[in-house]
Amino acid sequence: MARTENENDDNGGDREIPQSMRQRNRAVAEREASRLARPEPRRVGKLGHASRKKSAVTSTPSGYNYAANREESKQEVEEWCGPFSVARQMIAKREEARRKREEEQGDENKEHHPLDEAMDLLEMEKKRKAQPSLQWKASGVPDAASSRNQYSKRQRRVEKEAKYTVPSLFSLCVEFLVDNFEYVQALGDVDSMIRRNICEALVTKQKMNGAAFDVIAEKGVEALELVDCAEVTQDQLAGSLTELLPAGLRFLALQHSGRCFGPKAVKAITSASSCRLFAIAIGGAYLLKDEDAASLISTTASTLSSIDVTACPLLGEHFCKALSENYSSNGNGTLLELSLENLAVTKDNLVSLAKSSDALKNLKRLKLCQIESVDDEVVEALLDAVDRGNLEAIDLSHNHNLTDETLSGIRRCNKNGALRSLQLCELKNLTEAGLAAFFTHTIPGLPSPPMLKKLVLNNCSHEAVTDTVMELAAKCSAMNREAVTESLSTMGGLVHVGIHGSSCTDRTMESLAATSARTLKELNASFCPLISDKGLGYLVSKALQLSTIHIWGCAQVTDEFLDGHSRVGDSSLEVIGAW
């Protein structure tokens with residue numbers, strides 16, 4: 001008898017199921033039964049343990065929180081096959097059909113006036129006049145077979161662009177020259193623009209080495225512009241400057257010059273027998289010391305009128321003091337352009353530069369980008385120092401401490417109406433009210449708003465850059481100031497516009513088409529989800545000078561615009577960011 005009981009135990013025949021396992025199985029069954037048959041809301045049982053995530057069994061395809069997610073999303077889910085499910089679907093369809101039938105009967109029983117149709121047409125006409133982009137229609141419809149997937153559309157678009165794109169003779173010559181640059185001994189009488197293109201092509205093909213530098217920096221050139229100096233040594237640059245400066249070098253632009261532009265290069269400039277530099281642009285010079293930069297400014301101030309310094313971490317007090325002293329009324333120089341980007345200068349250094357002298361009185365271009373110490377007080381001090389009101393371009397991008405107070409200072413500084421370029425990228429503290437007030441006429445105590453040619457408001461607050469702001473800015477840019485009454489000029493308008501990441505809609509496209517159709521050349525509308533195919537298509541049909549459109553991140557733009565706008569076969573229009 002004992003053996004029989006042991007055999008039954010081994011076979012697992014009559015073992016009793018534990019109470020905790022029964023409760024867990026019952027909870028799982030109750031949780032899933034309502035999906036199969038029962039129409040009433042199901043009751044969720046409690047498990048024996050504290051956490052439902054510890055349950056060893058789940059048969060739901062969406063996990064344990066399927067019911068909660070379904071209630072939160074409030075979306076209709078396809079029910080499983082079953083008698084109650086079928087009956088519920090039939091009842092729902094019957095109720096929907098009855099509701100539609102009652103709505104139709106209500107429309108039939110409603111009293112109609114003979115002029116109702118005419119009034120509807122009038123309302124539609126008013127809406128079309130207020131939004132002319134609604135009347136735009138695509139010139140061609142893509143075939144259905146090729147538009148079924150994104151890859152075929154992209155391939156078709158690339159093939160179409162390649163068909164109409166023919167490389168220029170200049171680009172072919174530059175490419176051939178760069179491919180055989182190791183055999184070139186001298187470039188001869190070639191202007192700075194061609195040398196720059198050759199240098200860019202050399203950097204792209206990784207051929208910008210010391211030998212290539214010697215060919216580009218040959219004696220007699222007036223401009224030495226290198227986009228990448230990573231392969232140039234200090235001794236090589238110093239030796240070239242010793243020969244180029246007495247021979248008439250006027251413009252020096254060196255990017256990524258951390259390895260080559262240091263004390264030796266500064267000494268070669270300061271000790272040159274004749275130096276007539278009028279513009280210098282240095283980027284990434286981590287070897288350039290503050291004292292050496294001050295010495296460079298003091299030596300070249302008599303002719304140097306344009307200074308551009310980017311990512312030089314050692315510059316500070318001495319550099320700012322040299323600017324203040326050498327370009328003041330007591331100095332011997334005139335500073336017209338000042339560009340400071342990604343520097344570690346302090347707030348006191350910048351305020352001292354503005355208030356200690358009148359060094360900035362003749363300034364025409366001011367750029368302060370990505371400097372942590374720049375705030376409203378610093379900008380106000382610098383703009384007040386430009387007392388002659390001749391500023392033509394201002395760039396204050398990537399300074400996150402600036403607010404609407406800066407806009408007021410910019411407008412007060414524009415006394416003579418000379419401002420033509422304004423770049424305020426990634427200023428998250430700007431508001432719609434501040435920008436709208438900046439472009440509003442007849443504000444007591446302030447000059448007229450600027451007539452801009454270039455306006456870049458990329459990556460500002462999404463709610464700040466709106467249709468109202470852009471409409472005011474577009475009207476100001478096209479305003480005829482010579483007329484007695486405010487009117488739009490046929491030749492005025494914006495040329496470069498950046499509204500990346502804004503809340504602008506098709507109204508902005510209509511405003512640009514109305515005010516800047518003859519001038520607009522570049523538009524950056526990337527990550528603007530409210531701009532549609534009709535708005536872009538309408539703008540392209542009106543702005544015949546438009547050459548570049550950026551639409552990165554605009555998933556709502558479809559083939560209706562990309563393959564249906566009026567300049568599809570025009571190689572002068574480039575749509576960047578289409579996918």
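The values are calculated or read from the model by the stated rules, or taken from the named source; none is laboratory data. Model, not experiment: these values are computed from the prediction. Neighbour counts run over all protein chains shown; Cβ positions are idealised from the backbone, glycine included. Only protein heavy atoms, including side chains, enter the accessible area calculation; ligands, DNA and RNA are left aside. Shrake-Rupley method; radii C 1.70, N 1.55, O 1.52, S 1.80 Å.
All of (1) farther than 30 Å from Ala555 by Cα; (2) modelled with pLDDT under 75 hold for Gln150 with one exception: (1).
So, in the range 422-438, how many residues would count as being part of a loop (DSSP other than H, G, I, E, B), on the phi < 0 side of the Ramachandran plot and either of a type outside the set (A, V, I, L, M, F, W, C) or out of contact with any Ser or Thr (no Cβ under 6 Å at 6 or more places or on another chain) (or both)? Before the answer, list the steps.
If we filter the range 422-438 for residues that are part of a loop (DSSP other than H, G, I, E, B), which is where we start, we get 424-431.
Okay, now just the ones that are also on the phi < 0 side of the Ramachandran plot, so 424-425, 427-431.
Within this subset, residues satisfying the condition of being either of a type outside the set (A, V, I, L, M, F, W, C) or out of contact with any Ser or Thr (no Cβ under 6 Å at 6 or more places or on another chain) (or both) are 424, 427-431.
Adding up the residues that qualify gives 6.
For residues that are charged (D, E, K, R) and at pLDDT below 95, scanning just the range 522-557, find the one that is least open to solvent (accessible area, probe 1.4 Å). Working first, answer last.
Taking the range 522-557 and keeping what is charged (D, E, K, R), we get 522, 533-534, 542.
Those still in the list that are at pLDDT below 95 too: 533-534, 542.
Values: Asp533: 13, Lys534: 62, Lys542: 101 Å².
Across the range 522-557, the extreme among qualifying residues is Asp533.
If you go through the range 198-227 and keep only what is buried (at least 18 other Cβ atoms within 10 Å of the Cβ) and not aliphatic (A, V, I, L, M), you end up with Cys199, Phe213, Glu218, Glu225.
Being of a type in the set (Lys, Arg), in a loop (DSSP other than H, G, I, E, B), more than 18 Å from Gln234 (Cα to Cα) and modelled with pLDDT under 95: is that true of Arg259 here?
On the way: of a type in the set (Lys, Arg): yes; in a loop (DSSP other than H, G, I, E, B): yes; more than 18 Å from Gln234 (Cα to Cα): no; modelled with pLDDT under 95: yes.
So Arg259 fails the test.
Consider Gly239 carefully, then state whether it is at pLDDT below 95, of a type in the set (Gly, Ala, Ser) and outside any helix (DSSP H, G or I). If you could, list the steps in order and put the result at the bottom.
On the way: at pLDDT below 95: yes; of a type in the set (Gly, Ala, Ser): yes; outside any helix (DSSP H, G or I): no.
Spelling it out, it is not the case that Gly239 is at pLDDT below 95, of a type in the set (Gly, Ala, Ser) and outside any helix (DSSP H, G or I).
Close contacts from the range 411-427, counting a first residue that is touching a residue at least 12 places away in the same chain (Cβ under 8 Å) and a second that is among the small types (Gly, Ala, Ser) and surrounded by fewer than 17 Cβ atoms within 10 Å (Cβ to Cβ), with Cβ to Cβ under 6 Å and a gap of 6+ residues or different chains, come to Lys415/Gly389; Asn416/Gly389. Of all residues in the range 204-241, those that are free of Cβ contacts under 8 Å to residues at least 12 places away in the same chain and among the basic types (Lys, Arg) total 0. Remark: pairs (first residue in the range 315-336, free of Cβ contacts under 8 Å to residues at least 40 places away in the same chain; second residue of a type in the set (A, V, I, L, M, F, W, C) and surrounded by fewer than 19 Cβ atoms within 10 Å (Cβ to Cβ); Cβ separation under 8 Å; 6+ apart in sequence or on different chains) = Leu315/Ala344; Gly316/Ala344.
Quick check on the range 315-342: of everything there that is assigned to a loop (DSSP other than H, G, I, E, B), in contact with a Ser or Thr (Cβ under 8 Å, 6 or more places away or on another chain) and aliphatic (A, V, I, L, M), which residue is surrounded by the most Cβ atoms within 10 Å (Cβ to Cβ)? This residue is Leu335.
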